[in-house]
1. Could you check the simple spin-label distance between residue 137 and residue 303, using points 7 Å along Cα→Cβ, in nm with one decimal?
2. What is the sum of charges, Lys and Arg at +1 and Asp and Glu at -1, for the other residues whose Cβ falls under 12 Å from the Cβ of residue 143?
3. Net charge near residue 221, counting Lys/Arg +1 and Asp/Glu -1 over other residues with Cβ under 12 Å of its Cβ?
4. When the chain is fully extended, how far beyond the present Cα-Cα distance does residue 266 get from residue 41, taking 0.36 nm per residue of separation?
5. Mind sorting 261, 340 by how few other Cβ atoms lie within 10 Å of their own Cβ, fewest first?
6. Under a plain spin-label model, where a point goes 7 Å from the Cα along Cα-to-Cβ, how far apart in nm are residue 314 and residue 411?
7. For residue 188, what residues show an amide H to amide H distance below 5 Å, using hydrogens built from the backbone and excluding near sequence neighbours?
8. Quick one: what Rg and Dmax do you get for region 48-132 from the alpha carbons, in Å?
Amino acid sequence: MRAASFLLAISTLAGAAHAATVDFAHVATPPGITLNSNGARLTYADAKGSTLYTFDGDTAPNTSACIADCAAAWSPARAPARAKAAGDWTLVKREKGVQQWAFRGKPLYAPIKDGAIDPKGQPIDKAWHVAAFEPAKNVATPIGIKVSDVLGAGGLALTNEQGQPLYVFSGDLRRDKNTCTSTTCPNRWLPLAAAQIARPVGDFTVIDRDDGVVQWAYKGHPLYVFDGDTQPGDAFGSSIDQRWRVVVLYQYFMPPGVSIRRNHFDGYNLATDTGLTIYQRDRFRTVNGGHSLRLGSRGSSDLGKLLGTAACDAACLKTWRPLVAPANAEPSGMWDIAVRADGTRQWIYRDYAVYTYMGDSKPGDMNGNDQYDLVGRYTGGNDAFFAGERDPKSPTGTTAGGRLPPMGAPAMFWHAVLP
């Protein structure tokens with residue numbers, strides 16, 4: 001039998017709202033656990049970027065059977081001393097006070113010896129398996145509801161088939177006259193309709209509303225879409241009224257002092273909590289078109305690693321400030337830390353060093369966006385283009401090494417960082 005009525009459902013919701021029961025998010029990665037792009041999927045990695053694995057020999061939850069010779073080939077994914085269990089992430093206590101991260105009870109390891117992994121990147125011992133980041137596989141959803149990456153919410157959230165994020169309300173819809181769900185509102189939250197014959201699926205149930213609509217609910221909370229969310233990644237409803245919360249299931253790590261901000265392109269970029277835009281420096285390539293779009297290019301991971309902190313030298317630092325990581329900060333998710341020549345610990349996001357711009361004076365300024373600098377002549381392929389010559393004897397215009405030269409002007413450029 002379905003919930004007695006929509007009014008009963010929202011009455012229950014209103015009573016629970018002050019206990020913060022509308023926050024469903026788990027942490028996607030704890031301190032010291034990062035995410036690697038491994039082909040078409042993301043995999044868990046340690047703070048050094050080494051891919052992590054699980055072991056079939058670990059049969060008891062949160063207990064490691066990898067000792068002695070096994071431990072000589074496989075290193076536990078260490079958790080900081082102050083780490084605490086959270087959501088899917090638990091801790092394994094090892095000898096000498098070492099703490100090891102476990103995901104859903106399975107301890108995680110990184111290979112120590114080259115012989116543990118074959119030339120194709122697969123474990124020699126078939127009892128070891130790559131720890132993949134696939135949270136959507138663990139959520140049973142009804143037809144028409146998905147788990148999607150929502151840029152504006154900074155995590156994986158429930159969405160409808162069109163990719164619009166789903167919301168719950170933390171107030172009392174019966175009594176709050178400032179919240180509009182009627183068709184007369186310019187921007188409104190609309191109930192997520194279910195089929196008349198819909199039945200519960202996992203944590204999803206159905207509610208018979210007084211207006212005749214059958215509505216989906218998640219963990220007892222009625223679900224809505226905001227008609228102001230029109231583009232992929234939009235999550236504008238929460239910024240209009242913070243009592244409406246996107247149903248985020250897995251929240252990505254964000255360093256203290258960094259947030260996702262809506263910009264004047266009607267998209268999103270990373271910014272400091274004071275509103276200063278965060279930038280990365282990239283090399284111009286013809287495939288870089290669209291880097292300012294909400295789903296545009298974030299740049300090449302390999303190129304970001306190649307450029308490192310050297311992409312901004314002493315002259316550059318006169319106008320660009322490294323985004324500093326505190327002394328006690330740990331890498332997590334897409335965020336890593338590099339140490340500059342002067343000892344400054346700088347945040348790295350998706351393999352690019354990130355900065356703020358001294359030409360931005362007030363929150364929301366993006367005066368550093370799309371600043372281009374000519375840097376010399378091309379040398380040909382392989383991303384190293386600051387010295388050398390194109391092969392004049394090559395009829396195809398390739399370099400002496402046989403690679404096609406990059407196209408376009410030899411330039412570096414700055415752009416705001418996409419979430």
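Throughout, read-outs are computed from the coordinates displayed, never taken from laboratory work. Small disclaimer: the values here were computed from a predicted structure and weren't measured. We place every Cβ from the backbone using ideal geometry, glycine too, and count neighbours over all the protein chains shown.
1. That separation, rounded to one decimal, is 3.2 nm.
2. Spelling it out: positives minus negatives among the neighbours equals +1.
3. 0
4. Fully extending the segment from residue 266 to residue 41 adds 78.1 nm.
5. So the ranking, lowest neighbour count to highest, is 340, 261.
6. A separation of 2.8 nm, rounded to one decimal place.
7. It is 227, 228, by chain and number.
8. 12.3, 37
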